[in-house]
Amino acid sequence: MSNFFTRRKLITTGLSTAAGASGVGAAAYFASQYGLIPPDHTGILGIGETLTYSSQRLLTSGHSLAREFKRSDISKIAPVNGPHPTDENYRKLLANGFREWRLLIAGLVGRPASLSLEELKRLPSESHIILHACEEGWSYIAEWTGVRLASVLDLVETRPEARYVVFEPFPNPRQTTGVVRVLGGSIDMADALHPQTLLAYGMNGDALPADHGAPVRLRLGRHLGYKNTKYLSRIVVTDKIDFKGRGTWYGGI
Amino acid sequence: MSVAAVSASLNRTETGPRHSAVVRITHWIVVLSALGLLVSGIGILMSHPRLYWGETGYVGADSLTDVPIPFVIGPSVWNRPIHFFFAWILTFAGLAYVSYGFITRHFRNDLVPRKADLHWTSISGVILDHLRTRFTGTNAAGTYNVVQRVTYLAVVFALFPAIFWTGLAMSFGVTSVFPVMAVALGGHQSARTLHFAFVALLLLFVAVHILMIYIAGFVNNVRAMITGYVSPGRKAR
């Protein structure tokens with residue numbers, strides 16, 4: 001018998017393997033108990049996504065605030081990826097100043113609601129001057145005005161089992177191909193209840209321009225551009241997300 | 001170097017592996033994950049091949065430099081999860097290597113330059129020897145020369161941390177907790193630009209590193225980083 005397989009080595013290797021395996025098991029259990037597992041945790045890339053999401057959730061617990069800027073920092077140009085919806089339904093709403101538009105809020109809520117733009121504007125409003133960065137690499141600074149998503153969720157009485165909020169927009173054309181699709185998104189409750197998370201209807205002191213997501217878009221302080229769903233039509237509170245998109249659900253590191 | 005130190009280092013080359021198992025394994029994990037990060041990073045850059053300074057930057061704003069490749073919309077979406085996957089692997093391999101280096105005093109014994117070597121004649125001597133392709137590095141003495149030592153320490157403790165910092169400074173989650181990480185660099189776009197600049201420096205290091213290995217004996221040096229030994233006859237225990 002070679003000295004590689006000594007009894008002591010076998011015992012220590014066995015014990016450390018068992019400790020390692022039960023450590024990973026315990027970590028997975030506590031991570032799911034404390035909501036540290038993202039919807040896109042499956043597959044080999046899901047390992048990285050889970051590590052990123054859980055470490056960011058531990059790091060940013062307690063509503064850490066995104067950096068805010070001065071009014072003089074606001075960029076002269078605010079680029080967009082892709083134009084606003086061009087279908088008949090959206091064009092009619094846009095032409096009429098979105099007077100017929102309603103935001104539906106449903107799912108795990110005590111009192112589902114259908115709010116008009118005027119009703120949203122009557123709720124307490126606030127403004128944030130923050131950096132908007134696209135995952136492609138470009139960024140601009142703008143001021144966004146709207147109502148805190150937390151206030152709206154309070155109004156509809158979100159149920160305790162709620163874990164995610166899903167944002168459904170009007171379908172709009174893809175930037176590259178022009179093919180019309182629904183580019184929805186979802187966030188967890190930590191982001192939904194964050195003080196910088198707005199349902200924004202104003203930008204740089206004016207009404208939200210069509211290309212920037214009129215009548216109302218989601219505005220998150222701590223996320224990349226693509227998480228800020230435009231042209232909102234319906235909000236659904238849920239306890240489960242079936243993420244089938246490409247890229248990262250949370251937004252990456 | 002004292003006689004005892006020379007015989008100790010020669011003795012080590014005779015009996016033990018030139019590179020320990022932890023150094024060998026983490027070296028190749030770092031190589032593979034850095035390659036994955038490079039390829040996916042280029043994929044992300046392709047979506048917006050312009051670099052800026054400050055907080056903001058977009059088509060229509062003044063750029064520092066326009067990378068001469070066309071804009072390709074799309075690759076950033078699926079390259080980002082790949083980039084972060086390899087970033088985590090690199091993090092774990094790097095942490096394993098650095099803690100190993102401190103615990104076993106690998107850094108202190110093999111990489112921190114000796115006081116006697118830290119003067120210009122010694123450094124210029126090594127550089128002149130290299131220019132005459134007369135190497136007095138690991139092969140001759142079983143130890144690293146002063147230029148190797150300073151370079152390796154700079155890559156491990158300055159360049160890699162700088163790439164991590166500038167990468168994390170682009171994360172809104174990270175800067176919401178540590179705003180200074182972006183502010184100290186001059187802003188979000190500065191962090192992005194510096195991220196690519198530090199990677200360019202790392203690529204320069206890799207190019208020189210591979211060139212030196214090629215000149216000093218490619219097969220023997222790569223074998224030493226895989227099996228631990230320079231000559232093929234010897235096997236790792």
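Mean partner shielding of peptide B:77-87, defined as the number of other chain Cβ atoms within 10 Å of each residue Cβ, is 6. Here chain A is assigned +1 on the Cβ of each Lys and Arg and -1 on the Cβ of each Asp and Glu. Its dipole about the Cα centre then comes out at about 500 debye. Placing unit charges on the Cβ atoms only, positive for Lys and Arg and negative for Asp and Glu, gives the stretch A:164-219 a dipole magnitude near 160 debye about its Cα centre. Dividing the convex hull volume of the alpha-carbon atoms in the stretch B:19-226 by its residue count gives 159 Å³ per residue.
Relative to the longest principal axis of the Cα atoms of chain A, the long axis of helix A:7-33 lies at roughly 20 degrees.
Of A:His84, A:His63, A:His212, the residue with the greatest mean-square motion in the GNM of chain A, using alpha carbon springs below 10 Å, is A:His63. Counting only residues at least eight positions apart within a chain, or on another chain, the aspartates and glutamates with an alpha carbon under 13 Å from that of A:Lys240 are A:Asp40, A:Glu161, A:Asp188. Under 20 Å Cα to Cα from A:Lys70, which aspartates and glutamates show up? Leave out anything in the same chain fewer than 8 places away. Output for A:Lys70: A:Glu126, A:Glu143, A:Asp206, B:Glu55. Among the GluC sites (Glu not before Pro) found in the stretch A:127-207, those both in a DSSP coil and sparsely packed, with 14 or fewer other Cβ atoms within 10 Å of their Cβ, are A:Glu157, A:Glu161. Label-to-label distance, B:Leu64 versus B:Ala96, with points set 7 angstrom from Cα along the beta-carbon direction: 3.4 nm. Per residue, the average separation of C-alpha pairs within less than 8 Å and at least 6 apart gives the stretch B:124-206 a relative contact order of 23 percent. For Cα pairs less than 8 Å apart in space and 6+ apart in sequence, what is the mean separation divided by the residue count of chain A, i.e. the relative contact order in percent? For chain A, the relative contact order is 22 percent. For the stretch A:28-47 versus the stretch A:226-244, the inter-centroid distance based on Cα atoms is 19 Å. What FRET efficiency comes out for the pair A:Thr12/A:Ser55, r = Cβ-Cβ distance, R0 = 35 Å, nearest 0.05? The formula returns an efficiency of 0.70 here.
In straight-distance terms, cross-link reach from A:Lys76 covers every one of the lysines whose alpha-carbon lies under 16 Å from its own, apart from those fewer than eight places away in the same chain; here that gives an empty set. For chain A, the longest principal axis of the Cα atoms and the long axis of helix A:44-59 meet at an angle of about 70 degrees.
Just checking the listed ones, A:Gly62, A:Gly23, A:Gly97: in the Gaussian network model of chain A with Cα springs under 10 Å, the one fluctuating most is A:Gly23.
Note on chain A: dipole from Cβ charges, positive end direction compared against A:Ser61, A:His194, A:Pro83; the farthest Cα belongs to A:Ser61. A full extension of the chain between B:Leu131 and B:Leu153 corresponds to an added length of 5.7 nm, given 0.36 nm per residue minus the alpha carbon distance.
Taking Lys and Arg as +1 and Asp and Glu as -1, the other residues whose beta-carbon sits under 15 Å from that of B:Val126 total +2.
Once C-alpha pairs closer than 8 Å and six or more residues apart are averaged by separation and normalised to the residue number of chain B, the relative contact order reads 24 percent. In degrees from 0 to 90, rounded to the nearest 10, what is the angle of the helix B:75-103 Cα long axis to the longest principal axis of chain B? That helix lies at roughly 30 degrees to the long axis.
We did not get these values from a lab; they are worked out from the coordinates using the rules stated. Here the structure is a predicted model, which is why all the values come from computation and not from measurement. As a convention, Cβ positions derive from the backbone with ideal geometry for all residues, glycine included, and neighbour counts pool all protein chains shown.
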